[in-house]
Amino acid sequence: MPELPDDIREIQNTFARFCDEQIVPKAEAIDEAAEFPREMFQAIGDLGFFGMRYPEEVGGLGLGLLAYCKAVEEIARGSVSVAACVSMQAMMGTNFVHALGTPDHHERLLKPALEGKKIGSICITEPNAGTDLGSISTSAVEFEGGYRLNGQKMWVTLAPHADFFTVFARAGEDKKLTMFLLEKGFEGLDVGRPIHKMGVRALPTSELAINDCFVPAENRLGEVGAGEAELRKILAQIRIMTGALAVGCARAALGDAVRYAGERKQFGRPIGKFQAIQMKLAEMATDLKASALLVDDAATLFDEGRPHHKEAAMAKLFATEAALEICEKTARIYASYGFAMEYPVQRHLRDIRFTLIGGGTSEILKAIIAHEVQAEG
């Protein structure tokens, strides 16, 4: 694998040590508690994680996407739940406030969020709108001094703990997607029932009810009707970051498989001596390396300002599907113990499915890649 620049390698090593010392020993308890790990969240914030992608003038570190993804990978190696919490905050939860917010928003909301002292969330999905953005029905009607919003959002991450929400709604005569910044305490903004999930159980996910909620004009983010275009600007980063989540989880699963294959004995020798197990390990290691290379390449292209949308889709598609297969093969190597709750393989299997959803399903990504390939040809 190509050598990382010294500064990025140092960042990766910092988060690798934090993972080994702080996350791995607590990962099982965090999963079983199924509660937002606030102290861990803050500790990662103290390392500067939330501001890695943002410029220094707003409290960030001014680093690139590759550095950010190497940190995500290490955190996910310890716990995908923890990695999901912090990566949502560091990217989707704060991105549009930084890009389109006012100086007041930056001071009151963004800067504290980059320190981990406030939490941001994003609200796109609805009961009848997922991949199909055209089905979003939340409305924003212009009112004296602002807008009144009505609608229901689903799968809102970090909602019970969020201080502000980036909400996508339809506004203007053409009723095109527009972004609004809703803040905790706004009348008519209510966190609904929690959604209990099979994986990433420490990432709080809830419904959000928006009932005749008044939003000041200054809390419209960007131009009326520009919501979809603004979202597309960050989609590639989301896909590359999700690939990094998958690589981290796959690394953990492969490490568990190698250790178990060396310890578990059958017929008088470690099962890792049997060719059937060796074939699985070889396939897993090869897929993991390919995944990591695809993610790193896509992140590097983004940092260099080169075309990267096809590569981002490829990285997310391959890394997430490969990680799912790696986790499945790990469970097969563990055999009956792969079905037991006492080993982390069951957590890897549950958590990795999270990466298949956000940023586009595998089917959507294949369509995107095919379109790009055909356009190039």
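Brief remarks follow.
Matching residues to (1) modelled with pLDDT under 95; (2) part of a helix (DSSP H, G or I); (3) farther than 22 Å from residue 327 by Cβ:
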position	(1), (2), (3)
2	yes, no, yes
24	no, yes, no
36	no, no, yes
53	no, no, yes
69	no, yes, no
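- Top-ranked residue in region 74-91 [being surrounded by 24 or more Cβ atoms within 10 Å (Cβ to Cβ) and of a type in the set (A, V, I, L, M); ranked as nearest to residue 111 (Cα to Cα)]: 90
- Each residue in region 190-218 was checked for being more than 13 Å from residue 36 (Cα to Cα) and touching a strand residue (DSSP E or B) at 6+ places or on another chain (Cβ under 7 Å), and 17 of them qualify.
- Assessment of region 2-17 against the conditions (within 27 Å of residue 155 (Cβ to Cβ), among the small types (Gly, Ala, Ser), surrounded by 16 or more Cβ atoms within 10 Å (Cβ to Cβ) and in contact (Cβ under 8 Å) with a residue 24 or more places away in the chain) yields no matching residue.
- Residue match in region 109-127 (condition: over 17 Å from residue 175 (Cβ atoms), touching a helix residue (DSSP H, G or I) at 6+ places or on another chain (Cβ under 9 Å), part of a helix (DSSP H, G or I) and acidic (Asp, Glu)): no
- In region 247-273, the residues that are at pLDDT below 95 never reach a residue that is in a helix (DSSP H, G or I) and crowded, with 19+ Cβ neighbours inside 10 Å with C-beta atoms less than 6 angstrom apart, at least six apart or across chains.
- Any chance residue 252 is touching a helix residue (DSSP H, G or I) at 6+ places or on another chain (Cβ under 6 Å) and crowded, with 21+ Cβ neighbours inside 10 Å: yes
- Contact map, region 290-313: first residue free of Cβ contacts under 8 Å to residues at least 12 places away in the same chain, second residue assigned to a helix (DSSP H, G or I) and not β-branched (Val, Ile, Thr), Cβ cut-off under 8 Å, separation 6 or more or different chains; pairs are 301/311; 307/301.
- Complete set of residues in region 111-135 that are buried (at least 22 other Cβ atoms within 10 Å of the Cβ), of a type in the set (A, V, I, L, M, F, W, C) and either in contact with a strand residue (DSSP E or B) (Cβ under 9 Å, 6 or more places away or on another chain) or within 24 Å of residue 355 (Cβ to Cβ) (or both): 113, 119, 122, 123
- Test: residue in region 181-189 that is touching a strand residue (DSSP E or B) at 6+ places or on another chain (Cβ under 8 Å) and without any contact (Cβ under 8 Å) to a residue 24 or more places away in the chain: yes
Residues are listed down the side, and each one gets a yes or a no for (1) farther than 30 Å from residue 345 by Cα; (2) surrounded by fewer than 23 Cβ atoms within 10 Å (Cβ to Cβ):
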residue	(1), (2)
165	yes, no
169	yes, no
174	yes, yes
180	yes, no
186	yes, yes
191	yes, yes
196	no, yes
199	no, yes
202	no, no
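The values are calculated or read from the model by the stated rules, or taken from the named source; none is laboratory data. What you see is a predicted model; the values in this text were computed from it and never measured. Counting neighbours? That spans all protein chains shown, and the Cβs are built from the backbone with ideal geometry, glycine included.
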